[in-house]
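Written below as structure tokens is the structure these notes are about.
Read-outs throughout are calculated quantities, based only on the coordinates presented, and are distinct from any laboratory measurement. On a predicted model such as this, the values are computed, not experimentally measured, just so you know. Positions of Cβ are backbone-derived with ideal geometry, glycine not excepted, and every protein chain shown enters the neighbour counts.
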Amino acid sequence: MESFSSPSDEALLDDEAAGGPTFLDRLFDHGLLIRTGVDGLYGRSGAFESVVDALDRLITRLGAADGAEVMRFPPGMSRPAFERSGYLKGFPNLAGTVHSFCGDSAGHAEILACVEAGRDWTGQQEASDIVLTPAACYPLYPVAAARGALPAEGRLFDLQSYCFRREPSLEPTRMQLFRMREYVRMGSPEQVLAFRESWLERGTAMMRDLGLPLAIDVANDPFFGRAGRMLANNQREQGLKFELNVPVNSVEKPTACLSFNYHQDHFGSTWELRQADGGVAHTACVGFGLERITLALLRHHGLDLAAWPAAVRTALWG
Ligand code: ATP
Ligand code: ZN
Ligand code: MG
């Protein structure tokens, strides 16, 4: 839809092309991200968090007139709910489960002996009833369905959660634990499509106001395996998922910072969620990757927040 021609594109390319430190190295050097020894698992500085907080508030302001119901869930969800959600059909490779020790003193001694000897100790761990939340909206559907049929105007929710995906990477934009802000709409196909349309516009305006070059593209989720290829093609052909992409790691492979997803009746049927007229509810969500947008800002405006363009600082901090 739009090209990436912006003066910052060149800045994007020089350092690494010149054999200099990578973007990730520079984020570490400036203390914006903090190493843990695991790819995709980072601490964040106060400066980094000040941007995340400002984005969170900005996204709240953009949606304020709609009166979304705010809900916050912890970064883990019920394992039975997770199983029923269908996540394992599409993304078994990304899921993370919480395991814990349920043994006795002999088991404890075995753990300590393993650790001491540098052997694997995790055989003592058993799956618990908690899995890590893969997307902010997953814990919501069973809760919404438990309330009964939707009112005629449908429902709208405001969510934020740490999400886990087992996709270790050296690209700073691909973390294993990251925060996703979401608005989720439930109702008739017309209601949820109108919601998605309005957020395509609002999200684009927001990112332009933040001085970021962007393009909206049709996208697909990375469904696992051979059967997944068909699901992905189908999703694209039907235009169910759009992404707002910004060049962050490279110009050729821009990064999805926002996504706009129409689930049709997938979650409605899975959770037996009904519209007021008895029809199966349709759902859609818009997801904002808080770390990804922050990294896009750092990439395009520099690692020193005080030196960011005045218009960008005003958009974030007033
Ligand atoms: P990608 O295609 O880059 O893997 P995605 O399609 O998996 O992204 P969604 O599932 O739509 O992304 O998640 C919603 C938003 O969460 C994305 O638009 C992005 O901003 C953010 N996000 C997704 N995966 C990650 C990750 N591994 N690290 C940081 N942010 C992420
Ligand atoms: Zn969602
Ligand atoms: Mg992904």
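Some notes on this structure:
- Filtered residue count, the stretch 179-194, keeping only those that are assigned to a strand (DSSP E or B) and more than 16 Å from ligand 1 (Cβ to nearest atom): 2
- Test: residue in the stretch 219-239 that is closer than 23 Å to Phe178 by Cβ and in a strand (DSSP E or B): yes
The rows are residues; the columns are (1) touching a Ser or Thr at 6+ places or on another chain (Cβ under 7 Å); (2) more than 16 Å from ligand 1 (Cβ to nearest atom); (3) part of a strand (DSSP E or B).
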{"site": "Leu88", "(1), (2), (3)": "no, no, no"}
{"site": "Leu94", "(1), (2), (3)": "no, no, no"}
{"site": "His99", "(1), (2), (3)": "yes, yes, yes"}
{"site": "Gly103", "(1), (2), (3)": "no, yes, no"}
{"site": "Gly107", "(1), (2), (3)": "no, yes, no"}
{"site": "Ile111", "(1), (2), (3)": "no, yes, no"}
{"site": "Cys114", "(1), (2), (3)": "no, yes, no"}
{"site": "Asp129", "(1), (2), (3)": "yes, yes, yes"}
{"site": "Ala135", "(1), (2), (3)": "no, no, no"}
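- Qualifying position, being under 30 Å from Ala152 (Cβ atoms), acidic (Asp, Glu), more than 10 Å from ligand 1 (Cβ to nearest atom) and more than 17 Å from the chain's Cα centre (by Cα), among Glu197, Glu237: Glu197
- Cβ-Cβ distances below 7 Å connect the following pairs, each with a first residue in the stretch 144-161 that is touching a residue at least 40 places away in the same chain (Cβ under 8 Å), a second residue that is of a type outside the set (S, T, N, Q) and in a helix (DSSP H, G or I), and a separation of six or more residues or different chains: Arg155/Ala144; Leu156/Asp66; Phe157/Leu140; Asp158/Gly63; Leu159/Leu140; Gln160/Asp56.
- The stretch 140-180, residues that are charged (D, E, K, R), within 16 Å of ligand 3 (Cβ to nearest atom) and surrounded by 15 or more Cβ atoms within 10 Å (Cβ to Cβ): Arg165, Glu167, Glu171, Arg174, Arg179
- Residue in the stretch 63-82 that is acidic (Asp, Glu) and closer than 28 Å to Cys257 by Cβ present: yes
- Some residue of the stretch 263-270 being in a strand (DSSP E or B) and not aromatic (Phe, Trp, Tyr): yes
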